[in-house]
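Worksheet for the structure shown next.
The values are calculated or read from the model by the stated rules, or taken from the named source; none is laboratory data. Predicted model only: the values in this text are computed from it and were never measured. Cβ sites come from the backbone with ideal geometry, for glycine too, and all protein chains shown count toward neighbours.
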Amino acid sequence: MTRQALPEQAAKRATPRSAVMRRLLRRPSAAIGVAVIAGFVVVALGASVIAPYDPIATSFSTVRKAPNIAHWFGTDEIGRDVLSRVVFGARASLLAGVVSVLISISVGVPVGLLAGYAGGMTDMLISRVTDALLACPFLILAIALAAFLGPSLTNAMIAIGISATPVFIRLTRGTTLAVKAEEFVLAARAIGNAPWRVAIRHVLPNIVPPLLVQATLAIAAAVIAEASLSFLGLGQQPPQPSWGSMLNTAKNYIDNAPWMAIWPGVSIFLLVLSFNVVGDGLRDALDPRYA
Amino acid sequence: MTTFIIRRIATIVPTLIFVSLLIFALQQLLPGDPAMILAGEERDPTVIAHLHETMHLDEPFPVRYLYWVRGVLRGDLGESLRLQQPVRGLIADKLPVTLELACIAIVIALAIGIPAGVVSAVKRGTAWDYGANVVALWGLSTPNFWLGIMLILLFSVTLGWLPASGYVSPFEDWRANLASMIMPAFVLGNAIAAVLMRHTRSAMLQVLSSDYVRTARAKGVLERDVVLKHALRNALIPIITLGALEFGTLLSGAVLTEQVFTIPGFGKLIVDAVFNRDYAVVQGVVLFTATAYILLNLLADVAYAVVNPRIRVQ
């Protein structure tokens, strides 16, 4: 019985994904980060159940009320409940973070893979375009794109996604170049596999770990970018709640209603911090030296 | 060295061409006739006809691009439709304010980031190291516009020590200038200090384990001198060049910081242009920023090659 169970246990232990997860969750900071992100996801998904009030319902009898039993985080300049807006704001932030990074990955990874695997003129052309995009500071490019596309959450996500794409192109290209020279890739080519098949079946799975780390850190950057664009009025449009636009309004009432500025900022900070510590933790967990 | 510089300049030419193409192509994102949008709500037919003529809108894209590039090469970045002023003049007016803000921010970032990185590396694994890492994570995760609002709440509203907004030229009153710039500069320097701290720590850890540091210790050199004179001097080379790469972060941060503190700089220029649909200004600012970033990178590479001959050989 024991003899039969042992290979099964060994097989379970050998699963790379579970080993990485175990190494990740062994780090207290990363484990707390995962828990906080999970908490925000639950809040975003269950916002309509968790939020005590309608986030866009105004009440002129409760304008700029300090935190109290009825309104835990206080109310804003037109009597809306700050807690409900913070809860619903998690949706915009998480959605923008995840969707814009998905846009970056879906464009950046295939293009980077093509540049790294094909080489030659294709690589040169893609690399120069990437350099050009990287030369434009991330937020300034996102602002310019959002300005030309028009202010909305969808356009902000597209603008952030496009602005973050060159990082993924460069990372994918670099790691593809390294993996392309490995013996198993040479062997796959030697037995007559088509180039696209080698790139997708043999190279791509081996470049996932650094992309995963970058994606986690990119979500943190995208959450800040969405909040920044909304703060400037180029993201989520009023009256829909967004942490960035809440801070934009709050700065005008900082002397008599400071609570309006505290909670959206704390939420952005906690979410971004969590993605950053999970990204750092993932980097260590995926590094064979820490295995 | 000359060959290195020529080779490096040759690589930035295609990048500049692609940057200009990208920025010119932004205009194509505008739905419909750009002249109708650029003419504003009044849609004066005379203005629309004038825009068609000056922007060569009846020509194909490559021809229009070449006209635009020819203007840019002559220093003509177009004209602000709202302010009726050349974009080049607007940038020249606003840039000194942002440069002053950026310079103070860099000084603050260096003053916090480098000592914190050194202490963190020298006291590796201690409470100092963990403390410095926590501060770095805080710096990387705090949205600077929120930090700005919180500082206004503390130092302007509660304590009344510093002005909440506005700008005073240093030529008018340097004390009032410093009072108006210290909070925005701290906000801007905060994130860069975190990046510098992480790089300093990693560079110092590498240098501290090198043979010449071990030799210096074996010779009985004081630990303070080993750290400051032997290790830090060598670790600082890549860190100083990193300053140039942080230029983009500074400008991006300046957009938000200037908005929070109502500073009439480069960042406020682009935000105001965006809301007034002054697209020539947006294009001009992005082109100027990207070109400055590329040139600063070039300067950083050359400076690095000057102090590190191995780079030239590579």
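Values as computed for the structure displayed
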{"quantity": "Selection within segment A:222-243 - part of a helix (DSSP H, G or I) and facing chain B (nearest Cβ under 8 Å)", "calculated": "A:ILE224, A:ALA227, A:SER228, A:PHE231"}
{"quantity": "Selection from segment A:244-291 of residues that are touching a residue at least 60 places away in the same chain (Cβ under 8 Å) and not in a helix (DSSP H, G or I)", "calculated": "A:ASN256, A:ALA257, A:ALA291"}
{"quantity": "Segment A:143-180 - residue that is closer than 16 Å to B:ALA290 by Cβ and modelled with pLDDT under 90 and, of those, surrounded by the most Cβ atoms within 10 Å (Cβ to Cβ)", "calculated": "A:ILE143"}
{"quantity": "Number of the condition not met by B:TRP161 [criteria: (1) surrounded by 18 or more Cβ atoms within 10 Å (Cβ to Cβ); (2) of a type outside the set (Gly, Ala, Ser); (3) out of contact with any Pro (no Cβ under 9 Å at 6 or more places or on another chain); (4) outside any helix (DSSP H, G or I)]", "calculated": "(1)"}
{"quantity": "Residue list for segment B:259-268, filter: farther than 12 Å from B:GLU100 by Cα, modelled with pLDDT under 90 and of a type outside the set (D, E, K, R)", "calculated": "B:GLY267"}
{"quantity": "Residue check, A:VAL41 surrounded by fewer than 19 Cβ atoms within 10 Å (Cβ to Cβ) and over 14 Å from A:TRP243 (Cα atoms)", "calculated": "yes"}
{"quantity": "Qualifying residue in segment B:153-166 (condition: in contact with a Phe, Trp or Tyr (Cβ under 7 Å, 6 or more places away or on another chain), within 14 Å of another protein chain (Cβ to nearest Cβ) and over 23 Å from B:ALA273 (Cα atoms))", "calculated": "yes"}
{"quantity": "Criterion (more than 27 Å from B:GLY267 (Cβ to Cβ) and within 25 Å of the chain's Cα centre (by Cα)) met by exactly one of B:VAL87, B:VAL122, B:VAL118, B:VAL72", "calculated": "B:VAL118"}
{"quantity": "Residue under evaluation A:ASP54, criteria (1) surrounded by fewer than 22 Cβ atoms within 10 Å (Cβ to Cβ); (2) over 24 Å from the mean Cα position of the chain (by Cα); (3) assigned to a helix (DSSP H, G or I), criterion not met", "calculated": "(3)"}
{"quantity": "The listed residue being free of Cβ contacts under 8 Å to residues at least 40 places away in the same chain and either on the phi > 0 side of the Ramachandran plot or touching a Leu at 6+ places or on another chain (Cβ under 8 Å) (or both), out of B:GLY89, B:GLY113, B:GLY125, B:GLY131", "calculated": "B:GLY125"}
{"quantity": "Selection within segment A:128-142 - surrounded by 20 or more Cβ atoms within 10 Å (Cβ to Cβ) and either away from chain B (no Cβ under 14 Å) or of a type outside the set (A, V, I, L, M, F, W, C) (or both)", "calculated": "A:THR130, A:ASP131, A:PRO137"}
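Each row is one residue, and each column tells you yes or no for (1) at pLDDT 85 or above; (2) surrounded by fewer than 19 Cβ atoms within 10 Å (Cβ to Cβ); (3) not in a loop (DSSP other than H, G, I, E, B).
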position: B:ALA194; (1), (2), (3): yes, no, yes
position: B:SER202; (1), (2), (3): yes, yes, yes
position: B:TYR212; (1), (2), (3): yes, yes, yes
position: B:ASP225; (1), (2), (3): yes, yes, yes
position: B:ILE237; (1), (2), (3): no, yes, yes
position: B:LEU251; (1), (2), (3): no, no, yes
position: B:THR257; (1), (2), (3): yes, no, yes
position: B:VAL274; (1), (2), (3): no, no, yes
position: B:VAL281; (1), (2), (3): yes, no, yes
